[in-house]
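See below for the structure under consideration.
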Amino acid sequence: MPEVVGHLSHLGALSTLPWKEVIRGRPPLNPGLLRSLADDSGHLRGFEAFLVHDEGELCALAVGRLELPGERGTPLDRWLFGRGRRLARAMGISTGRVLFFRSPMGPGASLVVRPDLPTARAMRLVDLLLNDIEMRARRQGCGIAFSDLTPEADGPLASALQARGYLATHGLPMSQLLVEWDDLDGYIAHLAGRSPRAARTVRYELRHNRQSGIEIRQLPTELKYAQMLDSWSRNHCQRKNGIELPYDANVLARLVAESPEDLLIFEAHRAGERLGMLGVVRCEEVGWAAWIGLLDQEGRGAFTYFNLVFYHLAAHAASLGIRRLLYGTLAYEAKRIRGCEILPGTTYYRPCTRPMRMISRPFMRSHRAWIRRKLV
């Protein structure tokens, strides 16, 4: 049967098993999570999926939505122009309407091909998807953007975009921890091989946390704990960032109902008092530390954050069947100390018209140089 391109206008209707076969190792595209988010009237509004079936099987997909230049500008405008996005719009050089492909939540690209396919077949499927996406963009008179591509995971897509003349700039780097050990001793030995100073730091923070009487444990994936995790994460985000989480309070509860095996919940406690919670979305051997909440008064003295988010996971990842942990963006030096590697991210953009592509090319070169200096 020839390849067939289709569309899914509402992510709440996606089917679990075929989807999971394609998105292996990409927890932010977990179907249970996307269906849970799709039930929210706001956060996933407008997201759709482009799908390719080959020989009757789902083999490739892309998730994105049409972003319109509102008061804050599109996500692409915010990345390219920063605080100058309103001036860019006033001067007529903003990106305007853009069909933007990114994970609705979390790090990583949102155009993926089933990883067990031969390279030539994967490239053919990528081209089919891109042909359909570009046809949609022409009909809607908008540009196209893909964000969060990494060399390790998205080589075929990056090659196809480069061949089609998409303009590239740096995106936010992403961090991951490759689990090459089986227990805590193995983790510390791994750190010592990279940096004896980092290993000493981790030993000190582990010892201080234990001496403070703090214990960390995994909780059952049950509704009451999912609701607690949501509440703790919301309070933490509001206190640290001054913003609300951009989805409703029932997402985690729906995820537990949809696919409880894909969510891991941990807590730090002392003498019966809960001090912090962590939620990890799992996709085969990859885990994504997606939700974190800590008591403000816990402060930094007992290093509870690092023990809960890094050390406990590193010590138990292998026994949980996890061999790679995703930690997203920002705080790179703190993550390096704890064993993470930092992956360069790339954003690709294709303006809707040839003249705009010519105008955008020198700007994107300047943006690459500016971001490189900023990140270094």
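The values are calculated or read from the model by the stated rules, or taken from the named source; none is laboratory data. Remember, it's a predicted structure, so these values are computed and weren't measured experimentally. Because the Cβ atoms are built from the backbone with ideal geometry, glycine has one as well, and the counts that use them run over all protein chains shown.
Anything in region 312-344 that is surrounded by 21 or more Cβ atoms within 10 Å (Cβ to Cβ) and modelled with pLDDT under 90? List them, or say none.
Scanning region 312-344 gives no hits.
Please find, within region 63-77, the residue that is modelled with the lowest pLDDT out of those that are surrounded by fewer than 23 Cβ atoms within 10 Å (Cβ to Cβ) and more than 15 Å from G143 (Cβ to Cβ).
Among residues in region 63-77 that are surrounded by fewer than 23 Cβ atoms within 10 Å (Cβ to Cβ) and more than 15 Å from G143 (Cβ to Cβ), the one modelled with the lowest pLDDT is E71.
Can you pull out the helices (runs of 4 or more DSSP H) entirely within region 134-237 that have at least 1 residues that are in contact (Cβ under 8 Å) with a residue 60 or more places away in the chain and assigned by TED's automatic domain parsing to the domain that holds P362?
155-163
Only one of these is part of a strand (DSSP E or B) and under 18 Å from T150 (Cβ atoms): L275, L264, L326. Name it.
L326
Going through region 105-119 one residue at a time, which ones are in a loop (DSSP other than H, G, I, E, B) and within 24 Å of the chain's Cα centre (by Cα)?
M105, G106, P107, G108, A109, S110, R114, P115, D116, L117
Yes/no per residue for (1) surrounded by 19 or more Cβ atoms within 10 Å (Cβ to Cβ); (2) in contact with a Gly (Cβ under 9 Å, 6 or more places away or on another chain):
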| site | (1), (2) |
| --- | --- |
| G165 | no, no |
| G171 | yes, yes |
| I216 | yes, yes |
| N235 | no, yes |
| L263 | yes, yes |
| F266 | yes, yes |
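Looking at region 120-153, which of its residues are under 18 Å from E21 (Cβ atoms) and under 24 Å from the mean Cα position of the chain (by Cα)?
If the condition is that a residue be under 18 Å from E21 (Cβ atoms) and under 24 Å from the mean Cα position of the chain (by Cα), then A122, L125, V126, L129, A153 are the ones that fit.
Scanning region 120-163 for residues that are surrounded by fewer than 21 Cβ atoms within 10 Å (Cβ to Cβ) and among the β-branched types (V, I, T), which turns out farthest from C340 (Cα to Cα)?
Only one residue tops the list, namely I133.
Of the conditions (1) surrounded by 21 or more Cβ atoms within 10 Å (Cβ to Cβ); (2) without any contact (Cβ under 8 Å) to a residue 40 or more places away in the chain, L111 clears all except one; give me its number.
(2)
If you go through region 244-261 one residue at a time, how many are under 20 Å from I322 (Cα atoms) and not in a helix (DSSP H, G or I)?
1
Pull up region 345-362, narrow it to residues that are aliphatic (A, V, I, L, M) and in contact (Cβ under 8 Å) with a residue 40 or more places away in the chain, then point me to the one that is surrounded by the most Cβ atoms within 10 Å (Cβ to Cβ).
Step by step, filter region 345-362, then rank; the result is M356.
Identify all residues within region 281-299 that are without any contact (Cβ under 8 Å) to a residue 40 or more places away in the chain and part of a strand (DSSP E or B); write none if there are none.
A289
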